[in-house]
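Trainee: The structure's right below; bear with me while I get my questions together.
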């Protein structure tokens, strides 16, 4: 009887691992193809795109992509990293106090304010680009770094406020009361006592925003534009590869250079994503 009962559980476990394995392989094949083809000549890429041999392996194409005059990878890294830092700083500085007010509020207006911000999650960013371009043009911020930072910051606010509010609702109100008894006002109490406790969810937001800004192509391509001369990693790849390029020895190494820092950052910081999301799931 015990073996009969355990058999369905064993079958379900095997099926679960089989499904997870198939999904993982399906997702890893494009990444695998990009990595191995970054070190192969054109003929081998076309004939054997999924195989690599010691005879065809070479770093020449990767080095050519690093030193290419069409795509200055070092400058693109620096500009994109600057955008990542500025967007994270502006987003956290704006979203944290708003989330604190919403989380500590008890009226229906606070809930309505939260729903207003969360509603931004249901609007695709591409839909807002055309109105944003008109607004930035009127303000004289089109094709400028401040205009791009403002747009990216606004795009990251909904999910940031949502996660911050969920986390702050799990933080006991006793901390606010203790800070008030010590003579601290609401602003000082938040930044001195509450914000340091938010480290797990802040790390989660930093990871999500950083990867989003790093991989964004449409926004910098439209808001900054080629005429500005400011290229992020993704727009630099587009400018270097070209719309009708078929030189795969240029395409794959350049793509690898673009995604490699984001992959490394995600692998190092992935535990903070789950930790920050789970931290606010229960009441403290």
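Trainee: Among the numbered conditions (1) surrounded by 13 or more Cβ atoms within 10 Å (Cβ to Cβ); (2) modelled with pLDDT of 90 or more, tell me where residue 118 comes up short.
Mentor: Looking at each condition in turn, residue 118 falls short on (2).
Trainee: Just to be sure before I move on: is residue 45 at negative phi, in contact (Cβ under 8 Å) with a residue 24 or more places away in the chain and either assigned to a helix (DSSP H, G or I) or surrounded by fewer than 10 Cβ atoms within 10 Å (Cβ to Cβ) (or both) in the structure I sent?
Mentor: Working: at negative phi: yes; in contact (Cβ under 8 Å) with a residue 24 or more places away in the chain: yes; either assigned to a helix (DSSP H, G or I) or surrounded by fewer than 10 Cβ atoms within 10 Å (Cβ to Cβ) (or both): yes.
Judged against the criteria, residue 45 is a match.
Trainee: Something else now. Within the range 65-86, track down each residue that is in a helix (DSSP H, G or I) and in contact with a helix residue (DSSP H, G or I) (Cβ under 6 Å, 6 or more places away or on another chain). Steps first, answer last, please.
Mentor: Looking only at the range 65-86, we keep the residues that are in a helix (DSSP H, G or I), and these are 65-66, 73-86.
Correct list: 65, 66, 73, 76, 80, 83, 84, 86.
Trainee: Which numbered condition trips up residue 213, out of (1) modelled with pLDDT of 90 or more; (2) assigned to a loop (DSSP other than H, G, I, E, B)?
Mentor: (2)
Trainee: Regarding the range 181-201, can at least one residue be identified that is in a helix (DSSP H, G or I), in the same structural domain as residue 254 (by TED's automatic domain parsing) and within 15 Å of the chain's Cα centre (by Cα)?
Mentor: yes
Trainee: Of all residues in the range 169-180, which are surrounded by 13 or more Cβ atoms within 10 Å (Cβ to Cβ) and either out of contact with any helix residue (DSSP H, G or I) (no Cβ under 9 Å at 6 or more places or on another chain) or assigned to a loop (DSSP other than H, G, I, E, B) (or both)?
Mentor: Within the range 169-180, 169, 170, 171 meet the criteria.
The values are calculated or read from the model by the stated rules, or taken from the named source; none is laboratory data. All values reported here derive from a predicted model rather than from experimental measurement. Because the Cβ atoms are built from the backbone with ideal geometry, glycine has one as well, and the counts that use them run over all protein chains shown.
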